[in-house]
Amino acid sequence: MKIRVEKLRLFLIAGSIIGFLDALYLTWMKITNNPRMCIQGLGDCFTVDTSKYSEIAGIPVAVLGAAAYICLFLILIVENRSDFLKSNSALFIFGITLSGTLFSAYLTYIELFVLRTICPFCVVSAITMLILLVISIIRLIKYQPENIT
């Protein structure tokens, strides 16, 4: 079981890196306002990225996504360094991924039914966060603090 929990941890770390890179790309696209950064013929990420829904209080939602992925990564990296984190990291990871998945679902709804277009990079982030949620649920069910290495 120890190996299995460690594999789940490694999958979570890999997913958090993938999600961070995707969110970083979306942030760069937002900052530069460059439509050529979008994949031509596959959705319309520029419309999504420049819509009023792409920011909350002036902060790009991609920055919020990047922050979530960084938090996941950091928790996973340091979870063995304190008893508090060792005992609670699986729950923290679950909470972040659940929040991220629900927010991604909301944003996907906005894309489909309000903006009527899809950003492929946003879809990658939503799928990444959903996969991380599923892994975090499995890890939470299997979680034993002494098994986290």
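Of all the listed residues (Ser87, Ser104), the sole one being among the hydroxyl-bearing types (Ser, Thr, Tyr), over 25 Å from Leu21 (Cβ atoms) and surrounded by 13 or more Cβ atoms within 10 Å (Cβ to Cβ) is Ser87.
Looking only at the range 26-41, residues that are within 20 Å of the chain's Cα centre (by Cα) and assigned to a helix (DSSP H, G or I) come to 6 in all. Of the residues Ile70, Ile59, Ile93, Ile127, the single one that is more than 12 Å from the chain's Cα centre (by Cα) and not polar (S, T, N, Q) is Ile59. Within the range 93-113, does at least one residue satisfy the condition of being modelled with pLDDT under 95 and out of contact with any Cys (no Cβ under 9 Å at 6 or more places or on another chain)? Among the residues of the range 93-113, not one is modelled with pLDDT under 95 and out of contact with any Cys (no Cβ under 9 Å at 6 or more places or on another chain), which makes the answer no. Scanning the range 43-84 for residues that are loosely packed, with under 15 Cβ neighbours inside 10 Å, of a type in the set (A, V, I, L, M, F, W, C) and in contact (Cβ under 8 Å) with a residue 60 or more places away in the chain gives a single hit, Ile77. Just to be sure before I move on: is Val114 of a type in the set (Val, Ile, Thr), more than 27 Å from Phe11 (Cβ to Cβ), surrounded by fewer than 16 Cβ atoms within 10 Å (Cβ to Cβ) and in contact (Cβ under 8 Å) with a residue 60 or more places away in the chain in the structure I sent? So Val114 passes the test. If I ask for residues that are of a type in the set (A, V, I, L, M) and either without any contact (Cβ under 8 Å) to a residue 12 or more places away in the chain or surrounded by 16 or more Cβ atoms within 10 Å (Cβ to Cβ) (or both), which ones from the range 1-12 would you list? Residues satisfying the conditions are Ile3, Val5, Leu8, Leu10, Leu12. Within the range 92-109, is there a residue that is out of contact with any Pro (no Cβ under 7 Å at 6 or more places or on another chain), under 20 Å from Trp28 (Cα atoms), among the hydrophobic types (A, V, I, L, M, F, W, C) and part of a helix (DSSP H, G or I)? The answer is yes, given that some residue of the range 92-109 is out of contact with any Pro (no Cβ under 7 Å at 6 or more places or on another chain), under 20 Å from Trp28 (Cα atoms), among the hydrophobic types (A, V, I, L, M, F, W, C) and part of a helix (DSSP H, G or I). Glu6 falls short on exactly one of the conditions (1) under 26 Å from Val134 (Cβ atoms); (2) modelled with pLDDT of 90 or more; (3) acidic (Asp, Glu), and that condition is (2).
The values are calculated or read from the model by the stated rules, or taken from the named source; none is laboratory data. This structure is a prediction, so every number in the text was calculated from the model and none was measured. No Cβ is skipped: glycine too gets one built from the backbone with ideal geometry, and neighbour counts run over all protein chains shown.
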